[in-house]
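Remarks on the structure that follows.
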Amino acid sequence: MHTDARTLENDTVLDGDLCIVGAGAAGITIAREFANTPVKVILLEGGGFEFEQQMQDLYRGEIVGQPYFPLQAAALHYFGGTTNHWAGFCSTYDDIDFEKRDWVPHSGWPIRRADLDPFYARAQPILDLGPYKYDAADWKMGDAARVPLIADSRSFSTKMWQFSPPTRFGTKYRNDIVNSPNIHLYTHATVVEVEANDGLSAVQSVRVRGFDRKELRARAKRFVLACHTIQNARLLLASNARARTGLGNGNDLVGRYFMEHFEMPSGELALANPETTKTKLYALEGLGGPPRGELAITAAAQREHRVLHGTASVEAGNYGDPVKSTFQFIDTVMMNAQRAWRNGGMKGPPPMAAASAATAPRDATPRFYHLTTRQEQAPNPDSRVTLGDEKDALGVPRAKLDWRLTDLDKRSMRTFYELLGREMGRTGTGRVQLREWLLSDDKTWPSFISGGWHHMGTTRMSDDPKQGVVDANCRVHGLSNLYIGGAAVYPTAGAVNPTLTLVAISLRLADHLKDRGL
Amino acid sequence: MDLNRRRFLQVAAVGVIAGIASARYRRLTSHDGPVDRPELLLMLGPDRVRELGTHYRSVTPAENNADALREALADGQARPFFGRKPIADMVRDDFADGRTVVVDGWVLSVTEARQAALFSVRTSPL
């Protein structure tokens, strides 16, 4: 069922068993798990079914600390959420990503990779991916050229990626949601406050407000906030009518440990024998194309050198060509061009593809390859989301993002490429050059610093309420019926993009809620 | 008999020392290619290798001339009783053992960095 909340009377009260705030990848995944069951699900989405500038502006916020992409452009505020413009990169977190690493402060999840394995397998078809296989050997696809660049290395392996078409949750799962008799989707229903009981032990309702100032309330047995990493934190912090510092924030953790994945042009690879070296496994053959590999530092090398987990993409290019970081390449101009292309019937090549083609290698057998880092950011309590002074059109304080980095972040990147250079030399594969910005001290970052718009942390997971906002089941410590969905619960970022893990954790949360009697 | 044996050992010792010294100071034109023509040339081309060599010499003043570079390379090649170590093996071993330097961002084996430096000495305009 679907209702546009703008059509409801002021002070309407909605009652259900499960109230999910946010209809992005996490919210839709959880809701679908309850489709056609006796559980009455209320799914509240702030936006409608299409992009609306006024709605998107609610995500605008203040940037302090490291420069960052405008917040209103980094996540989308309508049905389907940010899957409406994601690129579809999917891979799994590794065992070491879940471990407590003594060289990575604040690392360690209360769950292991093995706990997620069955949910990863279930997440694959939801994202229109292939079989749950992520070893390079699984993806030769009958092609002898699809082999790892470096074999038998203690320091590097090939991390495989699968590509979602990419699945637009708002398109693909709209009918599942709208046609399910027990799921009631309300669009244009932006939650402005989470209301707890007097004892701050449970949530009673969430308050929804429209641009016309009409309000409604949704009451349920259990609530899931799944409205994006930054917005989840903002909503909890702004829910301060009874809890002065914000809901679930008794230990001053909500909003802290904001993390990104670095996506930075970092090096060049010169092949010793381009005619005979096989690089096909690493080629990106368009979005939605066959799986590809990236070079990844092994767990053993991370331990030995006390560095973070990262990978490098290997893409043929021309030596000396300028290489843009993700934020530089997909800037607001490109985003607008891409949207116009899509809205205009997708005539001609997409602007992003055209821009990529302009930097294609000139040689038929390229010798040079650009190496681009994809690396986790060390969890950092000072990297945080707080409330700004300005309020949005609905009267909610805007988010203020203070993205901060540590020496370990940069040292890890430099070590990665120095080790990769040694391995390329040892195996006779080629030579590696570190880009100039990597050669300076560990505290200096270039102007083109970039992430992947992967927002993680802010309500991190820990068994200890003093170390995390939610427990291993994503339940907010101290609140019996409030859960957080999405990448906000990640204690560490892992090396790879968060969406596959996000869907897996959402499935796990849905199972937990079912086990709890929903 | 004892005297002859002692004499033999003396001669043998002198021979070994002379062999090592010879290997160290002999002008280096090894059987696997001239030492001042690094494998790197194939990958990066002469101009870039010359630049890297010049850069290496500028940050390693003790190796800023051909003699010093030849001596350093010969030290690495010297291998008593087994002949000189091929340059290509030295380069691989450098990478395997972490004997690398970062020159203008390139991760090079120490041996090939010296080769590049020698190349720059020999090919740079006076």
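Annotations for the structure displayed:
- Label point distance in nm, A:S440-A:M346, each placed 7 Å from Cα along Cα→Cβ: 4.2
- Under the combined filter of DSSP loop state and at most 14 neighbouring Cβ atoms within 10 Å, the range A:142-223 retains these trypsin sites (Lys or Arg not before Pro): A:R154, A:R213.
- All alpha carbon pair distances within chain A were sorted into 10 Å bins beginning at 0; the resulting P(r) in whole percents reads 4, 19, 30, 26, 14, 5, 1, 0.
- Helix-derived mean residue ellipticity, 222 nm - over chain A, DSSP H n ≥ 4, -39500 (n - 2.57), to 500: -6500 deg cm²/dmol
- Magnitude of the charge dipole, the protein assembly as shown, Cβ model with Lys/Arg +1 and Asp/Glu -1, debye to 20: 940
- Built amide H within the under 5 Å cut-off of A:E195, gap 5+: A:Q204, A:S205, A:V206, A:R207
- Using a Förster distance of 30 Å, the FRET efficiency for A:T171-A:D463 (Cβ separation, nearest 0.05): 0.20
- Three-way shape call for the range A:1-92 based on the alpha-carbon gyration tensor, with the a/c threshold at 1.5: oblate
- log10 of Debye I(q)/I(0), alpha-carbon scatterers only, for the range B:31-122 at 0.10, 0.12 Å⁻¹: -0.22, -0.31
- Between A:L394 and A:A355, the distance separating the two model label sites (each 7 Å from Cα on the Cα→Cβ line) works out to 3.0 nm.
- Per-pair calculated FRET efficiency, R0 = 25 Å: B:T123 and B:A96 via Cβ, rounded to 0.05: 0.30
- Within 10 Å of each Cβ in A:420-429, the average number of Cβ atoms from other chains: 5
- DSSP H segments from chain A that extend 18 Å or more along their own axis, Cα-based, with Kyte-Doolittle mean of -0.5 or above: A:499-515
- Mean Cβ neighbour count within 10 Å, used as a protection proxy, ranking A:499-511, B:45-57, A:383-395, A:419-431 highest first: A:499-511, A:419-431, B:45-57, A:383-395
- Averaged over its residues, the protein assembly as shown has an accessible area of 41 Å² per residue, based on protein heavy atoms and a 1.4 Å probe.
- Protection proxy ranking of A:254-260, A:238-244, A:287-293 - average other beta-carbon atoms within 10 Å, highest first: A:254-260, A:287-293, A:238-244
- Approximate spin-label separation B:R79-A:L200, in nm, with each point projected 7 Å along Cα-to-Cβ: 7.2
- Neighbourhood net charge (11 Å Cβ-Cβ; Lys/Arg +1, Asp/Glu -1) for A:L438: 0
- Looking at the protein assembly as shown alone, DSSP beta bridges between its own residues are antiparallel in about 65 percent of cases.
- Average other protein chain Cβ within 10 Å of Cβ, residues B:105-111: 6
- Förster-model FRET efficiency, 51 Å R0, A:R6 and B:V59, C-beta, rounded to 0.05: 0.15
- The magnitude of the dipole of the range A:256-319, with charges of +1 and -1 set on the Cβ of Lys/Arg and Asp/Glu and taken from the Cα centre, is near 260 debye.
- Here the accessible area of the range B:40-126 is 52 percent carbon and sulfur, with a 1.4 angstrom probe and all protein chains present.
- Farthest towards the positive end of the charge dipole of chain A, among the residues A:F89, A:L235, A:T427, is the Cα of A:F89, using unit charges on the Cβ of Lys, Arg, Asp and Glu.
- For peptide A:264-276, the mean count of partner chain Cβ atoms within 10 Å of a residue's Cβ comes to 2.
- Summary of packing: across the peptides A:366-377, A:337-348, the per-residue average of other C-beta atoms within 10 Å ranks them, highest first, as A:366-377, A:337-348.
- Contour minus Cα-Cα distance for A:D382 and A:D143 (0.36 nm per residue): 81.3 nm
- Between A and B, accessible area buried - total, square angstrom, nearest 100, 1.4 angstrom probe: 1500
The values are calculated or read from the model by the stated rules, or taken from the named source; none is laboratory data. Only a predicted model underlies this, so the values are computations on that prediction, with no experimental measurement involved. Note that we place each Cβ from the backbone using ideal geometry, even for glycine, and neighbour counts take in every protein chain shown. Quick note on the areas: whole protein, heavy atoms, side chains included, nothing else; ligands and nucleic acids left out. Shrake-Rupley method; radii C 1.70, N 1.55, O 1.52, S 1.80 Å.
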